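Written below as structure tokens is the structure these notes are about.
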Amino acid sequence: MKQLFFLSGIPRSGITLISAILNQNPNIYVTTTSPLVELLWRNYKLWEENREDFATKKLQDIKKPYLRKLTNLYYSELTNKPVVIDKRRQWQNIENIKMYKNIFGEMPKIICPVRNVEEIIASFISLYQKNNRKWNYKEMKDNIFENSYSQLKECFNSEFRGCLLLVEYNDLVTKTKEVLDKIYDFVKQPSYKHDLNNIV
């Protein structure tokens, strides 16, 4: 099994920047926005639908091994690197954390970039202007911002707070090496000398 960690957080807070930097490490593969949480959730829920074909003890017993092997198979098709960081904001959702713990028997480690909300809005407005789109605050609703903010807040105020490593955006851009050291310490991986002048 590959070592698996997660990159979640709030939009316009440095998720893409962290991905680009960590992908310089030859032992780490950071995904693009990943469908894994959806693949796992749909398969996980099959066992809870009271389907007759899933009712036998044998099928019940293979649930967790099957989902672990499914996860490893998925990543083995994407990379041969030993460490994977799966990028998807839904990982900070408490239900997904519970699912992960049930399947893998341990709490996930989730890197969560965060940023002052006013700065996030300003960043969105700037992005819209650059793309000649008219800004409307309603754009912050649902999956663009509101859901990820609410999920992170709920998780932070819950028993699952220890799963999260909050990474302040301003620290990321002004104290990048220090933040990277904290990330490596959080996921218990050796530090790597990144080329911060050549981030692709």
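The values are calculated or read from the model by the stated rules, or taken from the named source; none is laboratory data. All values derive from a computational prediction rather than experimental measurement. Note that each Cβ is placed from the backbone with ideal geometry, even for glycine, and that neighbours are counted across all protein chains shown. These area figures cover heavy atoms from the full protein model, side chains too; ligands, DNA and RNA do not enter into them. Shrake-Rupley method; radii C 1.70, N 1.55, O 1.52, S 1.80 Å.
Here the relative contact order of region 1-81, from alpha carbon pairs under 8 Å that lie six or more residues apart, stands at 33 percent. Remark on ILE111: its backbone amide H falls under 5 Å from those of PHE6, LEU7, SER8, LEU165, a criterion applied only to residues 5 or more positions apart or on other chains, H modelled at 1.01 Å from N. Here the Karplus relation 6.51 cos²θ - 1.76 cosθ + 1.60, evaluated at θ = phi - 60°, turns the backbone of region 63-68 into coupling constants of 3, 5, x, 4, 5, 5 Hz, with x for every Gly and Pro.
The alpha-carbon atoms of region 49-122, seen along their principal axes, cover 54, 33, 19 angstrom, with the largest extent given first.
The lysines within cross-link reach of LYS182, meaning a Cα-to-Cα straight distance under 22 Å and a gap of 8 or more places when in the same chain, are LYS2, LYS81, LYS87, LYS109, LYS153, LYS193.
Projecting the Cα atoms of LEU78, ASN116, ILE97 onto the charge dipole of the chain (Cβ charges, centred on the Cα centre) puts LEU78 farthest toward the positive pole. Taking the charge dipole of the chain about its Cα centre, with +1 at Lys and Arg Cβ atoms and -1 at Asp and Glu Cβ atoms, the residue from HIS194, LEU39, THR56 reaching farthest to the positive side is THR56. Measuring only protein heavy atoms, the 1.4 Å probe finds THR174 accessible over about 100 Å². For MET107, the solvent-accessible surface with a 1.4 Å probe is about 80 Å², rounded to the nearest 10. Over the chain, Cα pairs under 8 Å with separation of 6+ residues give a relative contact order of 34 percent.
Remark on LYS175: its backbone amide H falls under 5 Å from none of the residues 5 or more positions apart or on other chains, H modelled at 1.01 Å from N. Rounded to the nearest whole Hz, the Karplus-based 3J(HN,Hα) values (6.51 cos²θ - 1.76 cosθ + 1.60, θ = phi - 60°) of region 108-121 follow the sequence x, 10, 10, 7, 10, x, 9, 7, 3, 4, 4, 5, 5, 4, with x at glycine and proline. Accessible area ranking (1.4 Å probe, heavy atoms, ligands and nucleic acids excluded), largest first, for PHE104, PHE6, PHE156: PHE156, PHE104, PHE6.
Sorted by mean Cβ packing within 10 Å, highest first, what order do the peptides 112-123, 78-89 take? Walk me through the numbers on the way to the answer.
Values: 112-123: 16.1, 78-89: 18.3.
Going from most to least packed, we get 78-89, 112-123.
Counting protein heavy atoms only, the chain has 49 percent of its accessible area on carbon and sulfur, 1.4 angstrom probe.
Computed from phi, the 3J(HN,Hα) profile of region 135-144 under the Karplus parametrisation 6.51, -1.76, 1.60 (θ = phi - 60°) reads 7, 9, 4, 4, 4, 7, 6, 6, 6, 5 Hz, with x in place of Gly and Pro.
At 1.4 Å probe size, with every protein chain present, just tell me what the per residue accessible area of the chain comes to in Å². Intermediate results must be reported in sequence, preceding the final value.
Values: 11750 Å² over 200 residues.
Per-residue value: 59 Å².
When the P(r) of the chain is calculated, the portion above 20 Å amounts to 60% of the C-alpha pairs.
Tell me what the chain gives for mean residue ellipticity at 222 nm when only DSSP H runs of n ≥ 4 count, each as -39,500 (n - 2.57), the sum divided by the residue total, rounded to 500 deg cm²/dmol. Walk me through the numbers before you get to the answer.
Working: 9 runs with 91 residues, N = 200.
One gets -13500 deg cm²/dmol as the mean residue ellipticity at 222 nm.
Let's test the formula: R0 of 30 Å, r as the Cβ-Cβ distance of LYS141 and GLU77. What FRET efficiency results, to the nearest 0.05? Rounded to the nearest 0.05, the efficiency is 0.30.
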